[in-house]
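The values are calculated or read from the model by the stated rules, or taken from the named source; none is laboratory data. Predicted, not measured: the structure shown is a model, and the values here were computed from it. Using ideal geometry, Cβ is built from the backbone for each residue, glycine included, and neighbour counts are taken over all protein chains shown.
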Amino acid sequence: MGKRQASESLEELIAADSPASKRARVDEAEDSEPVNGNSASNGHLMSPRPEDREKLDILGAAEEEHAELEEAGATPEVALDEDEEESAVAAPQRQQAPVEGYTDLYLDTINRNVLDFDFEKLCSVTLSNINVYACLVCGKYYQGRGPKSQAYFHALEEGHHVYVNMETKKVYVLPEGYEVKSKSLDDIKFVVDPRLTRNEVARLDKEQKTAWDLSGRKYIPGFVGMNNIKANDYFNVIIHALAHVVPLRNFSMLEDISSRPQLAQRFSILVRKIWNPRAFKAHVSPHELLQEIALRSSKRFTLTAQSDPVEFLSWFLNNLHLSLGGSKTKPGSSIIQRVFQGTLKIESQQITARADAGDRLRFEDAAVQTELSRYLILTLDLPPAPLFQDALDKNIIPQVPLTAILSKYDGLRAQERLNTRVRYRLLHPLPPYLLFHIKRFSRNKFVAERNPTIVTFPVRSLDMSPYVEPNPSLYPPGEPIWYDLVANITHEAVRTRDDSVEGEQESKVWRVQLRDRSREEWWEVQDLFVERERAETLFTKESYVQVWERRRGVGGNTNSKGKGKA
Ligand SMILES: [Zn+2]
């Protein structure tokens, strides 16, 4: 392991994401805790536990430790060459198996409170991600377990004896080197890589599950806080929304994708952690997946700079599709396309100079170009919002029903795009899940503008049939096509004081509202904060991305499902 290589990866992985800022973020989260917990809401609060703060520090510790080694002009390998090692320590006896009667020796030194497998598995000395073990006594990662490996030295130096391999999940006692097979370690192996059975997955939306973490915090699997390490709230809301798309969730939980690229694997394990009923802590940290995304997107999406959730969603769906073996040309070639992709008909016509003003939006029969286009996300445009002076005056914030902005796709209304008239219509079959992007942000030459219009919608029974071109061979004409909301990502503009000339800045806060199918309730997640929401008031925030689920079967007679418990 060359010194150069280690310091490069150090810069790449940690420099842009300084541990100091992580600590600052944790402190902020603590400062913003309501004085009196969560009594005002029915929600539960998930701030980092002291152990997690230590975990964040560990990333920093790795950096410091490495820097110290560099200062000393020594890499670990140089520091401990063979001769020195022989003289420094009497080489311990390597064992294939524990001495009889000593099977569970050291297992009581395991400290589950410091274990957190959410952070990228890098050896805290070499920063390598190859063959990494977690010390079950202090929670740090070390490479290798053979003599002269980092884990082996750690065992000798610190007297920490029990290690789990992050790939194989086998547990070893070091320096002796034998494997421990004890049922009492199963909970740890489960947290490293939570895997539910087909049966358990099938019951996820039916049974009202409540769970408790190691420190006795109550949580609901599937509705847990997600750590905002620095500025990754845009990412958190998208991952949470996707983790509640049932076919994608179940695929992530049940399919073996161990031969797929890291992007797919890390998404899958994060989904499994979100739904983990036996978690050690009541929230997850998306650090591992974020690191992979920063790498794959060439730092377009990182944990240190806030991005737009829709831009990220679009990038992520396309890359996840490819990661899962999807084709660039063939439709339906991955679960992403099978779940979200539909087809759209676009008719366009040049606006001619001869057409008079009253005629401009009428389609003549001649010269209409028709093309079909596949979509994963449907963009919905808001009517222009009237200008107003005071953004805090809620009374004048306009509202528009979702059905009104969906009429963009009714095939009748023509819209002008530059010098072209365009009409859109959806085609059968509609996908099992629809993703709506309510376009609020636009950028003209001078400023980024936001449209604060509130979109009103029912959380159940959205009929999509008016926006689909009839096709009797695929769907009975005149029958409604019901969709129910499963996730709603909202934007809030928050004014914060800062040192700039203006003295004040508007920052974006992202939240996601998620449907709990087992309880027919809604939860709102903003990073570590999880609160119950009322279905009737979901629309009162600035919806930005919505996920709608198609109801099974044809026709409207299942409409009553909306009221009672399904
Ligand atoms: Zn240790």
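Things worth noting here:
- Residue 512 vs. criteria in a strand (DSSP E or B), farther than 21 Å from residue 456 by Cα and modelled with pLDDT of 95 or more: no
- Any hit, the range 349-358, residues being surrounded by fewer than 16 Cβ atoms within 10 Å (Cβ to Cβ) and modelled with pLDDT of 95 or more: no
- Of the residues making up the range 426-436, those that are crowded, with 20+ Cβ neighbours inside 10 Å and part of a strand (DSSP E or B) are 426, 433, 434, 435, 436.
- When every residue of the range 467-474 is checked against the conditions, none turns out to be surrounded by 11 or more Cβ atoms within 10 Å (Cβ to Cβ), of a type in the set (Val, Ile, Thr) and either within 28 Å of the chain's Cα centre (by Cα) or part of a loop (DSSP other than H, G, I, E, B) (or both).
- Looking only at the range 475-496, and only at residues there that are surrounded by fewer than 18 Cβ atoms within 10 Å (Cβ to Cβ) and under 23 Å from the mean Cα position of the chain (by Cα), the one that is nearest to residue 552 (Cα to Cα): 492
- Restricting the range 135-188 to residues that are in a helix (DSSP H, G or I) and touching a strand residue (DSSP E or B) at 6+ places or on another chain (Cβ under 7 Å), the residue that is farthest from the ligand (Cβ to nearest atom) is 185.
- Scanning the range 243-268 for residues that are under 11 Å from the mean Cα position of the chain (by Cα) and under 20 Å from residue 209 (Cα atoms) returns 243, 244.
- When residue 94 is tested against (1) in contact with a Leu (Cβ under 7 Å, 6 or more places away or on another chain); (2) part of a loop (DSSP other than H, G, I, E, B); (3) over 22 Å from residue 284 (Cβ atoms), just one condition goes unmet, and that condition is (1).
- Given (1) at pLDDT below 95; (2) of a type in the set (Asp, Glu); (3) surrounded by 16 or more Cβ atoms within 10 Å (Cβ to Cβ), number of the condition residue 233 does not satisfy: (1)
- Close Cβ contacts (under 7 Å, 6 or more residues apart or on different chains) running from residues in the range 439-452 that are polar (S, T, N, Q) to residues that are assigned to a strand (DSSP E or B) comprise 442/449.
- Matching option when the condition is at pLDDT below 95, more than 30 Å from residue 335 (Cα to Cα) and either touching a Ser or Thr at 6+ places or on another chain (Cβ under 7 Å) or surrounded by fewer than 16 Cβ atoms within 10 Å (Cβ to Cβ) (or both), among 395, 451: 395
- Residue check, residue 122 away from the ligand (no atom under 12 Å from the Cβ) and closer than 21 Å to residue 289 by Cβ: yes
- Annotation: residue 180 fulfils all but one of (1) within 15 Å of residue 107 (Cα to Cα); (2) out of contact with any Pro (no Cβ under 8 Å at 6 or more places or on another chain); the unmet one is (2).
For every residue, the table says whether it meets (1) of a type in the set (Val, Ile, Thr); (2) part of a loop (DSSP other than H, G, I, E, B); (3) farther than 19 Å from residue 489 by Cα; (4) touching a helix residue (DSSP H, G or I) at 6+ places or on another chain (Cβ under 6 Å).
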| position | (1), (2), (3), (4) |
| --- | --- |
| 195 | no, yes, yes, no |
| 200 | no, no, yes, no |
| 215 | no, yes, yes, no |
| 221 | no, yes, yes, no |
| 234 | no, no, no, yes |
| 247 | no, no, yes, yes |
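- The residues of the range 178-212 that are surrounded by fewer than 18 Cβ atoms within 10 Å (Cβ to Cβ) and farther than 29 Å from residue 222 by Cβ, listed by number, are 178, 179, 181, 182.
- Residues of the range 297-335 that turn out to be closer than 24 Å to residue 544 by Cβ and of a type in the set (D, E, K, R), as a count: 4
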